[in-house]
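First the structure, in the form of structure tokens, and then the observations on it.
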Amino acid sequence: MYPIKAVGIDLAKLVFSIHGVDEHSKCKLRKTVKRNNLLAEIAKLPPCIIAMEACSGAHYWAREFTKLGHDVRIMASKFVIPYRQNEKNDANDAEAICEAATRPKTRFVSIKSEEQQAVLCLHRIRQGLIKDRTARINRLRGLLAEFGLIMPKGRYPAQNTIGGILEDAENGLPMLARELLHDVWQSIRTLNEEILKYDRKLYALANQMKNAKRLMSIPGIGEITATAVVATVNDAKHFNTSRSFAAWIGLVPRQYTTGGVARLGRISKRGEKHIRTSLIHGARAVIANCKNKTDRTSLWVKELVERRGFKRATVALAAKNARLIWALLHSEKEYQVDYVK
């Protein structure tokens with residue numbers, strides 16, 4: 001009997017399906033295990049490949065299985081789907097995961113540490129609060145419009161106007177509506193304070209993280225982008241080239257090439273939306289302040305804006321910064337302005 005070479009686990013909340021094969025891809029293990037028995041079941045196996053889909057809890061289980069001496073591999077679900085046979089169920093999913101993990105072209109996700117997940121937790125909570133604040137401002141704008149009161153566009157102009165509208169006793173706003181909208185306005189102010197608190201935590205974390213401080217030396221990379229990258233990218237060497245890193249973020253053009261004719265479209269918007277958005281916002285700030293600068297990057301950006309327009313130049317600079325991030329993380333060197341190889 002040959003030992004088990006690879007095991008695929010279909011993760012869930014309470015019940016897990018396991019599928020194991022030997023070096024000849026013959027099924028040697030196929031069972032269902034409850035959550036409290038999973039670690040004990042995996043501990044019985046000899047060191048082998050343990051594969052899972054990237055989902056909630058995957059990094060926790062990956063850390064636990066690694067402690068047991070296994071080679072743990074996490075992959076996106078899109079790499080598993082082509083290998084699933086017959087109907088979709090937990091057992092067939094586990095078999096497909098096991099099969100995909102042994103394919104040479106399958107790309108895997110680096111396992112995050114608990115510290116990295118804690119930083120990402122801070123980012124996710126902050127993003128949720130910002131989304132809630134935007135929704136409440138839009139709600140106020142829509143409700144006030146019902147009474148003929150129009151708020152200006154933009155978060156800052158809107159917030160500067162809300163107080164005056166609610167305090168104006170002669171604008172015809174009914175007392176009940178005034179009280180209810182005042183409660184919404186107070187909740188927006190509370191959200192502002194919470195977001196500011198999390199911003200300060202991110203700034204403090206950025207100054208404590210060595211790699212984040214190195215990345216912040218790149219124009220357009222601030223505390224939010226730097227901490228998000230360091231918390232998400234466990235090892236830059238996981239990406240073979242800087243273009244692969246930029247493609248993972250979604251800052252390279254879509255490609256449809258056939259018959260030797262290359263067709264490039266808009267950026268793919270794949271991968272990490274939060275990092276991509278932060279890079280583009282940072283690039284927009286750099287372009288807005290490069291008019292009187294004479295360094296190589298500023299001159300390149302100004303020429304690109306004139307030739308291709310502001311928005312394309314913004315995405316191009318964001319893609320350039322993504323490649324610089326990969327280079328600094330990969331080489332562990334400092335950023336140099338006007339560097340010539």
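Each value in this text was obtained by applying a stated rule to the coordinates, not by laboratory testing. Given the structure is predicted, the values throughout are model-derived calculations rather than measurements. So basically every Cβ, Gly included, is an ideal-geometry build from the backbone, and we count neighbours across all protein chains shown.
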Which of Asp90, Asp235 has the fewest Cβ neighbours within 10 Å, and the rest in rising order: Asp235, Asp90
With eigenvalues of the C-alpha gyration tensor scaled by 5 and rooted, the chain, Å: 44, 30, 20
Of Lys269/Lys320; Lys201/Lys269; Lys201/Lys302; Lys213/Lys273; Lys31/Lys105, pairs whose Cα-Cα distance is over 24 Å: Lys201/Lys269; Lys201/Lys302; Lys31/Lys105
Pair Lys78, Leu299: separation of 7 Å Cα→Cβ label points (nm): 3.9 nm
Principal-axis tilt of helix 273-288 within the chain, Cα atoms, nearest 10 degrees: 40 degrees
Spin-label model distance (nm) - Glu332 vs Tyr156, 7 Å beyond Cα toward Cβ: 4.1 nm
Percentage of interatomic Cα-Cα distances in segment 134-212 larger than 17 Å: 51 percent
Residue exposure sequence - Leu122, Leu176, Leu251, Leu324 - by fewest surrounding Cβ within 10 Å: Leu176, Leu122, Leu324, Leu251
Net lengthening on full extension, Ala118/Tyr256 (0.36 nm per residue, minus Cα-Cα): 45.8 nm
Principal-axis tilt of helix 114-145 within the chain, Cα atoms, nearest 10 degrees: 40 degrees
